[in-house]
Amino acid sequence: MITKQNIADFILSVLDQKVAVILLRGSDDNSRTGGDIDVLVPAGQSAKAAVCIGEAATSLGWAVVGFRHLGYVAQICLMIPNASETDDLAIKIDLSDGLAWYALGVDPIGEAIFRLHRKGGSEAQAAGLATFFQKALYPGFLRDRDKQRIFAEINHKDIDAFCIENNLPISLKEIEAGLLLQKTRWQLRAASANARGLKMAPWIAMVVWSALRARLGLGTGGGLVIGVAGMDGSGKSTLVDRFVRALVDAEFTQPELVHLLPDVIPTPHRIVRRKSTVDNYTRPYSEPPVRSKSSAILRLSYYILAFAVARLWCRGKTARGKTVVFDRSIVDFASDLARARIPHIQLPSWLLRALLPPGLFFFIDTTPETVVTRKGELTLERATNLSCRYLVTSQTLNIVCIDGEPDANTVFGAFVSTVTDENMRRVRRWAR
């Protein structure tokens, strides 16, 4: 069984001799069972550290299910399938990019801590100092758990001596209280970037811009759309739930789970308040396709518009660093129009490509016999026809096809392998 301590030891061993590192939080006595692991690396080295960790993790068969860079911290989310007898282990690793506030300007505080560490200072003392300054720079106060963690590793007077030696505007009284005055906090933030005199004005401008970007979630490189398509009974919902649960357990950015269309876009039965049609979404095929040609055209036109809006919605979400996960999407709609009560026609390939959001889309290719056995919603004949339509749509859109016949772990492994390749491509691009 793999634990958080194993992951922490793994990080230290991977970065040894490659990137200087101080383990801050995640595996000590004050840490939660779940949650993340926090480490500090020198300014400008977080993306390089993420590449090293990601490459080493994939060589062990682990998955990289998430990545984003917030400027002052790089986050990489690892998942170890079946780490215990029953569950996967998902861990978010926060790689703090030095200690300068928002990683702006030079980093005299971080450099001083790493210098002290290299000269023989203990790992615990370095971690205590770094954690103290992280909390002082951002929230400006220490919670009870922070005090227990920090002062178990380094005492108040040693922190005060470090502040005096490095000309940092924090008094012993503030250190003991674990609370900085607002004026002191801003002075410390400026000192963390060595912003003094003429450097102050451009530093303030950079802080405002960085804070705005962070609040809006822009420029993180973390936005990704993932869609899983397949017939009912193919196992797509089970796969999606397992993937989303991993991101949630790791406390990575909360994924946006979408079933066919985002909740902000109503389906036709919600607009006309037709109660009987609701059953067609909870119990598929409870009603046959409409007979009127004009009704079919109207329904199809509405869905085309809805998927166009959904594509724009996805662009907005990914621009803000969100992970959007589709359990059913335009792929399923185009392959199974009868589910939306539209007589089946083959939609033009150019239209499908225009409506498909950029991202990773998968088709779980399961035999008609399997889906009929798993769910009794389709006859074998209808499942066979539907399987052919899914294959045509998948080939038209050139999406990833996964064999759905092996066991669930094998199918999930193929899925997260492709997700890992995409995340590692983005990690390496950010490190360049």
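What is the spin-label model distance, in nm, from L351 to N194 if the labels are put 7 Å beyond Cα along the C-beta direction?
It works out to 6.2 nm between the two label points.
In whole Hz and in residue order, list the ³J(HN,Hα) couplings for region 330-344 that follow from phi through the Karplus curve 6.51 cos²θ - 1.76 cosθ + 1.60, θ = phi - 60°; x for Gly and Pro.
4, 5, 5, 4, 5, 7, 9, 5, 4, 5, 9, 6, 10, x, 5
Among the listed pairs K293/K317; K4/K157; K157/K183; K48/K157; K92/K199; K92/K183, which have their C-alpha atoms separated by more than 29 angstrom in this model? Intermediate results must be reported in sequence, preceding the final value.
Values: K293/K317 36 Å; K4/K157 32 Å; K157/K183 22 Å; K48/K157 35 Å; K92/K199 35 Å; K92/K183 33 Å.
Cα-Cα > 29 Å for K293/K317; K4/K157; K48/K157; K92/K199; K92/K183; rest within.
Decide, for region 298-414, between rounded, prolate and oblate: order the square roots of the alpha carbon gyration tensor eigenvalues as a ≥ b ≥ c, take rounded if a/c falls under 1.5, and otherwise choose prolate if a/b is larger than b/c, else oblate. Present the calculation step by step, with values, prior to reporting the outcome.
Values: a/c = 2.07, a/b = 1.23, b/c = 1.68.
Oblate is the answer for region 298-414, as a/c is 1.5 or above yet b/c matches or exceeds a/b.
From the list (1) -0.22, -0.40, -0.77, -1.27; (2) -0.33, -0.56, -0.88, -1.20; (3) -0.37, -0.60, -0.91, -1.16, can you say which value of log10 I(q)/I(0) by the Debye sum over Cα atoms at q = 0.06, 0.08, 0.11, 0.14 Å⁻¹ was derived from the structure given?
Here the calculated entry is (2).
Can you work out ³J(HN,Hα) from phi for every residue in region 146-160, in order, using Karplus 6.51 cos²θ - 1.76 cosθ + 1.60 and θ = phi - 60°, giving whole Hz and x for Gly and Pro?
5, 4, 4, 5, 5, 7, 7, 10, 8, 8, 4, 5, 5, 5, 4
Among P169, P202, P343, determine the one that fluctuates most according to a GNM of the chain built with springs between C-alpha atoms less than 10 Å apart.
Its mean-square fluctuation being the largest, the pick is P202.
What length, rounded to one decimal in nm, is gained on full extension from L380 through to S237, with 0.36 nm per residue of separation minus their alpha-carbon distance? Don't skip to the answer; put the middle values down first.
On the way: separation 143, 0.36 × 143 = 51.48 nm, distance 2.11 nm.
Contour length minus Cα-Cα distance gives 49.4 nm.
In what order do V416, V427, V106 fall by count of nearby beta-carbon atoms within 10 Å, going from fewest to most?
On the way: V416 21, V427 24, V106 15.
Taking fewest neighbouring Cβ atoms as first place, the list is V106, V416, V427.
Peptides 400-411, 292-303: what's the order by average Cβ count within 10 Å, highest mean first?
On the way: 400-411: 15.8, 292-303: 13.9.
In decreasing order of mean packing, 400-411, 292-303 become 400-411, 292-303.
If the reach is capped at under 30 angstrom between alpha carbons, list the lysines near K375, excluding any in the same chain fewer than eight residues apart.
Candidates past the 8-residue exclusion: K236, K275.
How large is the dipole of the chain about the Cα centre if only Lys and Arg carry +1 and Asp and Glu carry -1, each at its Cβ, rounded to the nearest 20 debye?
On the way: 53 positive and 43 negative charges, 417 e Å.
That gives a dipole near 2000 debye.
Can you list the residues, at least 5 places off or on another chain, whose amide H is less than 5 Å from the amide H of V324, using H built in the peptide plane?
L224, V225, I226, E256
Mind putting a number on the dipole of region 224-398 about its Cα centre? Charges go on the C-beta only, +1 for Lys and Arg and -1 for Asp and Glu, and I need it in Debye to the nearest 20. Don't skip to the answer; put the middle values down first.
Values: 24 positive and 15 negative charges, 137 e Å.
Roughly 660 debye, rounded to the nearest 20.
Over what distance in Å are the Cα centres of region 342-388 and region 176-207 separated?
57
May I ask you to order 38-45, 57-64 by the average number of other C-beta atoms within 10 Å around their residues, highest value first? The partial results should precede the final answer.
Numbers: 38-45: 21.8, 57-64: 17.9.
Sorting 38-45, 57-64 by mean packing, highest first, produces 38-45, 57-64.
What is the sum of charges around R328, taking Lys and Arg as +1, Asp and Glu as -1, for the other residues whose C-beta is under 10 Å from the C-beta of R328? Could you put the intermediate results ahead of the total?
Numbers: positive: K236, R339; negative: D232, D327, D332, D336.
It works out to a net charge of -2.
Quick one: compute a quarter of the convex hull surface over the Cα atoms of region 4-216 and quote it in nm². Before the final figure, lay out the partial values.
Working: hull surface 49.2 nm².
Averaging across all directions leaves 12.3 nm² for the Cα convex hull.
Could you point to the residue in F151, I37, A201 farthest towards the positive end of region 4-216's charge dipole, with +1 and -1 charges on the Cβ of Lys/Arg and Asp/Glu respectively?
Checking the options against the dipole of region 4-216, the answer is A201.
As I understand it, the value is the acute angle between the Cα axis of helix 46-59 and the longest principal axis of the Cα atoms of the chain; what does it come to in degrees, rounded to 10?
Compared with the principal axis, the helix lies near 50 degrees.
Summing Lys, Arg as +1 and Asp, Glu as -1, what charge do residues with Cβ under 15 Å from the Cβ of A112 carry, A112 excluded? Please list the in-between numbers first.
Numbers: positive: R115, R118, K119; negative: D107, E111, D158, D160, E165.
Value of the local net charge: -2.
Modelled label-to-label distance, Q148 and L212, 7 Å Cα→beta-carbon offset: nm?
Calculated label separation equals 4.2 nm.
Helix 108-118 sits at what angle to the longest principal axis of the chain, using alpha carbons and giving 0 to 90 degrees rounded to 10?
Roughly 80 degrees, rounded to the nearest 10.
Suppose each label sits 7 Å from its Cα in the direction of the beta carbon; what would the S122-D421 distance come out to in nanometres?
Rounded to a tenth, the inter-label distance reads 4.8 nm.
Only the coordinates and a few stated rules stand behind these numbers; no lab work does. Given the structure is predicted, the values throughout are model-derived calculations rather than measurements. All Cβ positions, glycine included, derive from the backbone under ideal geometry; neighbour counts span all protein chains shown.
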